[in-house]
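Read-outs: derived from the displayed coordinates by stated rules, not from any lab. Everything numeric here is computed off the predicted structure, so don't read it as measured data. Methodologically, a virtual Cβ is constructed for each residue, glycine included, from the backbone with ideal geometry; neighbour enumeration extends over all protein chains shown.
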Amino acid sequence: VTTTLRISTGTEGDKADFLKSAGLLFDVFGSARFAGTDFLEWLYRRNPEGAEVTVRLDDEAGRPLGHFGLYPQTFHSQAGECLMSYSVHAAVAESARGQGVWSRVAEETYRVASQERGIKATFAAANRNSTHGFTGRLRCTLLKPLPVRIGLRPLRPAAVASYRVTDGFLSGPEFGRLVGTINFSPGPGWSQKWSPEKLAWRLRRPGGEYFVHLHDQGAMVSRKEGLKGLPIAVVLKVFPPRGGRTAVGPLLAAACKAHRTPFYLYAGFNDRAGVPGLPLPRRLLPAPLNLVYRALTGEAPPPEKLNLSVYEFLDFDAY
Ligand SMILES: CC(C)(COP(=O)(O)OP(=O)(O)OC[C@H]1O[C@@H](n2cnc3c(N)ncnc32)[C@H](O)[C@@H]1OP(=O)(O)O)[C@@H](O)C(=O)NCCC(=O)NCCS
């Protein structure tokens, strides 16, 4: 079969091309986010860190067989900055699976990203289908399954303001107060580098349904989700304040209150703002959340030296 590799580094590709990729992703994942092109255009083209690198393999009739991509994310630590990325949308049409299509498009994605775009490393949250491929042929290292904790609303009264994220919120004074509260500086370990501009973009995700909780001792981003029929406040991010320690309890109480539930769920880790709770049995999770990492060039920390201090839902594309 004759196939064509369709490489996009953000400078090419039109609406028809996005529709073709979204069509394959919709067929493979069945997720509403791929029902049109809004989500892909937001993720791939409006990221203030730069456009995506994607590789799609089309058959001789122009039908998409496989798609893979990544988008750039700067990470930082007190030792400096490094342009890294997050790998997304490993998707191969059912009829083409088991023939190395994904390995081929993924290697090509990593080659283009590192050689043409200066991207030095990549993360991914692998699922049951992709963990073996990521850690095998794609030479990623499994850092760890993201820890997931569940907890009960703390009974702490506090002056925490909660806001539903809307365009009005993002362009108004409350967003200014939010970014004025957050400490964006790096800690000793590596974490994604956030900025006001990047946060505004991230919170504009189509269908995000985010809430922001804010007081002078930190900020939190959350959304509501159902887990086995129970409403639950999912904590997506905790930001430390400019001065002093993060008061996580009041923020958790505010998130539970805003979503009208006694339960919260948190995935990941944050060395400046630990979220308490009990480990959730992994069989209750819809996906294993295996955090994998690959240094694409010698300039990125090798996995054994990567001291990752923050990784939370808002750092990748789950919500
Ligand atoms: C996961 C997926 C992209 C793999 O595509 P593919 O083209 O069949 O993968 P490859 O042929 O390149 O296989 C790469 C490796 O992964 C393994 N693999 C492929 N599908 C697998 C699966 N469902 N479960 C476990 N291992 C799998 C292959 O055996 C191969 O391992 P090997 O090197 O030991 O032979 C494809 O099955 C798919 O689109 N699945 C549904 C969407 C999905 O879950 N994507 C992952 C999102 S994180």
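A straight Cα-to-Cα reach below 28 Å connects residue 228 with the lysines 144, 237, 257, residues fewer than 8 places away in its own chain not being considered. With the convex hull drawn around the C-alpha atoms of the stretch 189-293, the volume per residue stands at 132 Å³.
Treating the angle as unsigned and between 0 and 90°, give the value, to the nearest 10°, between the Cα long axis of helix 101-117 and the longest Cα principal axis of the chain. Its long axis makes an angle of about 70 degrees. Nearest 10 degrees is fine. How inclined is helix 15-29 to the longest principal axis of the chain, computing both from alpha carbons? The two axes meet at around 70 degrees. The order of the peptides 164-173, 283-292, 100-109, 117-126 by mean Cβ neighbours within 10 Å, most packed first, is 117-126, 100-109, 283-292, 164-173. Overall, the chain carries a charge dipole of about 1140 debye about its Cα centre when +1 sits on the Cβ of Lys and Arg and -1 on the Cβ of Asp and Glu, all other atoms neutral.
Taking 15 Å as the straight-line reach from the Cα of residue 193, the aspartates and glutamates in range (excluding those fewer than 8 positions away in the same chain) are 49, 81, 271, 312, 315.
Within the straight-line cut-off of under 17 Å between alpha carbons, the aspartates and glutamates reachable from residue 20 are 12, 38, 41, 52, 58, 59, 60, 94, sequence neighbours fewer than 8 places apart in one chain being disregarded.
Against the empirical curve 2.2 N^0.38 Å, the C-alpha radius of gyration of the chain lands at a ratio of 1.00. How tilted is helix 248-258 with respect to the longest principal axis of the chain? Cα atoms for both, answer in degrees (0 to 90, nearest 10). Helix 248-258 and the main axis of the chain meet at about 80 degrees.
Using the Cα atoms of the stretch 1-91 to build a convex hull, what is its mean projected area in square nanometres? For the stretch 1-91, averaging the hull's shadow over all directions gives 6.7 nm².
What share of the DSSP beta bridges in the chain is antiparallel, in percent to the nearest 5?
If we restrict to bridges inside the chain, about 95 percent are antiparallel.
Kirkwood hydrodynamic radius computed over the stretch 1-154 comes to 16.5 Å, based on all pairs of distinct alpha carbons.
Under 9 Å from the Cβ of residue 71, count the other residues' Cβ atoms, weight Lys and Arg +1, Asp and Glu -1, and hand me the total.
On the way: positive: none; negative: 49, 52, 317.
So the environment of residue 71 carries a net charge of -3.
Please work out the C-alpha center-to-center distance from the stretch 243-319 to the stretch 100-159 and express it in whole Å. The two parts, judged by their Cα centres, are 13 Å apart. Quick check on the stretch 92-175: what does the Kirkwood estimate of hydrodynamic radius come out to from the alpha carbon pairs, in Å? It is 17.6 Å.
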